[in-house]
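Asker: Sending over a structure as C-alpha cells; questions will come in a sec.
The values are calculated or read from the model by the stated rules, or taken from the named source; none is laboratory data. If you're wondering where the values come from, they're calculated on a predicted model, not measured in any experiment. With ideal geometry, Cβ positions are generated from the backbone for all residues, glycine too; neighbour counts draw on all protein chains shown. Just the protein is used for accessible areas: all its heavy atoms, side chains included, with ligands, DNA and RNA removed. Shrake-Rupley method; radii C 1.70, N 1.55, O 1.52, S 1.80 Å.
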Amino acid sequence: MLKEINVSELTLNPFKRIGADWCLISAGNEKSFNTMTASWGGIGVLWNKNVATCYIRPQRYTKEFVDNSEYFTLTFFPDGYRDALTLCGRVSGREHNKPVEAGITPKFIDSTVTFEEANLVLVCRKLFAQKMNEESFIDKDVLAKNYPNMDLHTIYVGEIVKAYIG
C-alpha cells in the first residue's frame, strides 16, 4: 500500500535508485497508458522546484503518453523486480501487455499511472520538454557512443508534486 510523504523527506541515492536499480517512467490513464524502464535520469532542484529529469528516445511508445499527459511517474521497486524491469525495457507496449507479462499491477493515482508493487513513486507534473540536438554536444564522443542511429532523446523536466512510499 502506498503512503504519501512530503517530497522533502526523500532520502534516496539517485545514482543507485536510477542508475543501478532502474525505474519505470509511466504516463496515461485507466483507458490507455504505457511504461518503460529507465536507467538515466536525475533528481534535484531547478527553477526553485523539486524536479526529476528523464530522457526518452523518439521511437519509444511511452513517449507518446508522456507527450500527451500533464503528469508522469517515476516508479521504483524493491529487490526482486529486475526481470520485470528488464521486460518493460525490452518489449514495446504497442505489441505487448507489459504489466501482465512483467507481473506488475497498474495503480491509477493523481491523474496518472504507477504500480502497486512500488516502494517509491514520484508523481511529476511536466514543466519542460526539449529534443536533444547534435550541435549541443560538446563531447562528440558521447554523441557517437550513445547515438549511432542519431535517435536523440527528448529531455523532460517534471516538478515532483507528490511522493509515495510503499
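Asker: Select from region 130-144 the residues that are open to solvent by less than 60 Å² (accessible area, probe 1.4 Å) and touching a helix residue (DSSP H, G or I) at 6+ places or on another chain (Cβ under 7 Å) and list them in ascending order.
Answerer: Within region 130-144, 137, 143 meet the criteria.
Asker: Ok, one more. May I ask you to say which residue of 44, 19 is assigned to a helix (DSSP H, G or I), of a type in the set (Gly, Ala, Ser) and surrounded by fewer than 20 Cβ atoms within 10 Å (Cβ to Cβ)?
Answerer: 19
Asker: Next question, about the same structure. For region 93-105, state whether one or more residues are touching a strand residue (DSSP E or B) at 6+ places or on another chain (Cβ under 8 Å) and open to solvent by 30 Å² or more (accessible area, probe 1.4 Å).
Answerer: Checking region 93-105: at least one residue is touching a strand residue (DSSP E or B) at 6+ places or on another chain (Cβ under 8 Å) and open to solvent by 30 Å² or more (accessible area, probe 1.4 Å).
Asker: Now for a different question. What is the number of the single condition among (1) over 19 Å from residue 121 (Cβ atoms); (2) touching a residue at least 60 places away in the same chain (Cβ under 8 Å) that residue 83 does not meet?
Answerer: (2) is the only condition that residue 83 fails.
Asker: Still on this structure: List pairs: first residue in region 3-16 and loosely packed, with under 10 Cβ neighbours inside 10 Å, second residue assigned to a strand (DSSP E or B) anywhere in the structure, Cβ distance under 8 angstrom, at least six positions apart or on different chains.
Answerer: Partner pairs satisfying both residue conditions: 3/164; 3/165; 6/163; 8/50; 9/163.
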